[in-house]
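Trainee: The structure follows.
Derivation of every value follows stated rules applied to the coordinates shown; laboratory data play no part. Computed from a predicted model, the values in this text were never measured in an experiment. Neighbour counts run over all protein chains shown; Cβ positions are idealised from the backbone, glycine included.
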Amino acid sequence: MTTIRLRRAVLGGATALLLAACGDEKQDVFTPEGDRARSINDLQVPVFIVAGLVGVGVAVAMTIVIVKGRRRYKDDTDDPTQLEGNFKLEIAWTIAPAVLLFVIAVFTVSTLLRLDDNEAGAAELDGMEITVYGHQWWWSYEYDFDADGEPEVITANELVIPAGVPVTLNVSSRDVIHSFWVPALNGTIDAVPGRTHAIVFEADEPGEFDGQCKEYCGLSHANMKMRVVALSMNEFQTWLEQQQQTAPMLEEGDDGFEGQQLFVDRCSTCHQVNGLTNADGDEILVEGRAAVVSRYAPNLTHLMSRETFAGSLFDLYDPETGEFNRAQMEAWVRNPTAEKPMYATPPEGELPRGMPDLGLTEEEIDQMVDYLVTLGPVPPSPEGPEPVTDEAGS
Ligand code: CUA
């Protein structure tokens, strides 16, 4: 009786876990939203069914053997009758799996070849390349229209693509091995330092698709998320234009001016904001390159045009009301390592990873967030929050 109850509890718990794991439909391997992901799903579903049938068959056969062949009497100490060498059976259970595996291999290889075709085909994009970099623990995206190696647009965590056309991503890493995985759009591709791996993403319709780094990459691996925002071609072009604008330099009296000074002093060695100048009027560049994303930190020029921040861990806007999530942003600026495990203050000789605690006062935190909200525009997302105007500026 107790055993049955225990089994039921375990089974119930496992089912609940399984269902919980499938709860986020934006990140579900069984609901493909693009051509490539559909190819994978068309392969995996039949394979899972066949594997399931084989598994059940084996379990049933084993149960029959165990029940029928078990020792009947406690005092029966003789060995059971030994059987060996059923030639026909042995041939059968060698050939059947071999045939099964061969059939699966044919479909698997043809799917792999199909996925390996990395031709992107949008005339409007005219050779545009998107390079994806993994960092501990966030993603950056560099859009290079003329393929001259100097990206015109750099953003972080949220990859914006046009819907309905295949887009080639060149995936690499700036530190350790990560893996880029947005299950609704394609399989995984490793992000390896010093190498570039191409993968094609295509979303059928405008929408949002969540992903997760899939290669253990250190302390905050589980917090290394990403989102793909697919827009109509028109909206995408608008987005591209917006992203190429520089942030306005605020002047004394403007909301966020004090925060801008703080940002220049405390943040601008790691975070690039395009258009930001120092006291001498020179543009502040992280590592000497315009618009570059350093290996340390996301480019924040258009921070507020995203929906998430800190490795897509937190919502920048309340998903219900669309209001700027100021409390979470303040908490992040107040003590980042408390919000997301990082290696920001490592022992001497070790490299720091992630955003350090800057030790800002409450007043400074307030000023800093007042500045960050000026880094617009608001997200162009298809299902995202409505534009926020007053809340963000005050
Ligand atoms: Cu990056 Cu796991």
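Trainee: Quick check: pseudo-label points 7 Å beyond the Cα along Cα→Cβ at residue 29 and residue 252, how many nm apart are they?
Mentor: With each label placed 7 Å out from Cα toward Cβ, I get 6.0 nm.
Trainee: Continuing with the same structure: First check a/c for region 129-194, with a ≥ b ≥ c the square roots of the eigenvalues of its C-alpha gyration tensor; if it is under 1.5, answer rounded, and if not, answer prolate when a/b is larger than b/c or oblate otherwise. Don't jump to the answer; show the numbers that get you there.
Mentor: On the way: a/c = 1.73, a/b = 1.11, b/c = 1.56.
In terms of gyration-tensor shape, oblate.
Trainee: Give me the dipole magnitude in Debye, nearest 20, for region 196-275 about the Cα centre, with unit charges on the beta carbon: positive for Lys and Arg, negative for Asp and Glu.
Mentor: On the way: 4 positive and 14 negative charges, 103 e Å.
Here the size comes out at about 500 debye.
Trainee: Compute the Cα gyration tensor for region 118-266, then decide on rounded, prolate or oblate, letting a ≥ b ≥ c be the square roots of its eigenvalues: rounded whenever a/c is under 1.5, prolate when a/b is larger than b/c in the other cases, and oblate in all that remain.
Mentor: Values: a/c = 1.85, a/b = 1.25, b/c = 1.48.
Oblate, because a/c is 1.5 or more while a/b does not exceed b/c.
Trainee: Non-local amide H neighbours of residue 317 (under 5 Å, H modeled in plane, Pro and chain starts lacking H): which ones?
Mentor: 325
Trainee: Between residue 320 and residue 110, how many nm apart are label points set 7 Å from Cα along the C-beta direction?
Mentor: 5.0
Trainee: Give, rounded to the nearest 20 debye, the magnitude of the charge dipole that region 223-362 has about its Cα centre when Lys and Arg contribute +1 at Cβ and Asp and Glu contribute -1 at Cβ. All intermediate terms of the calculation are to be shown ahead of the outcome.
Mentor: Values: 10 positive and 23 negative charges, 155 e Å.
Rounded to the nearest 20 debye, it is 740 debye.
Trainee: Under a cut-off of 18 Å between alpha-carbon atoms, report the lysines in cross-link reach of residue 26, not counting same-chain residues fewer than 8 places apart.
Mentor: Counting by Cα, and skipping residues close in sequence, residue 26 has these lysines nearby: 214, 225.
Trainee: Then there is this: Where both partners of a DSSP beta bridge lie in region 152-243, what percent of those bridges are antiparallel, to the nearest 5? Don't skip to the answer; put the middle values down first.
Mentor: On the way: 15 of 21 bridges.
For region 152-243, the DSSP antiparallel bridge percentage is about 70.
Trainee: Still on this structure: Assuming a ≥ b ≥ c are the square roots of the Cα gyration tensor eigenvalues, decide whether region 228-382 counts as rounded (a/c under 1.5), prolate (otherwise, with a/b larger than b/c) or oblate. Mind showing how you got there, number by number?
Mentor: Working: a/c = 1.37, a/b = 1.19, b/c = 1.15.
Judged from the Cα gyration tensor, region 228-382 comes out rounded (a/c under 1.5).
Trainee: Order by neighbour count: 370, 315, fewest other Cβ atoms within 10 Å first, most last. Can you show the working numbers first?
Mentor: Working: 370 22, 315 15.
Taking fewest neighbouring Cβ atoms as first place, the list is 315, 370.
Trainee: So how much slack lies between residue 61 and residue 285, counting 0.36 nm per residue of separation and subtracting their Cα-Cα distance, in nm?
Mentor: Values: separation 224, 0.36 × 224 = 80.64 nm, distance 6.82 nm.
Once the chain is fully extended between residue 61 and residue 285, it gains 73.8 nm.
Trainee: Order these peptides, 47-59, 222-234, by their mean beta-carbon neighbour count within 10 angstrom, highest first.
Mentor: Values: 47-59: 11.1, 222-234: 20.4.
Highest mean packing first, the order is 222-234, 47-59.
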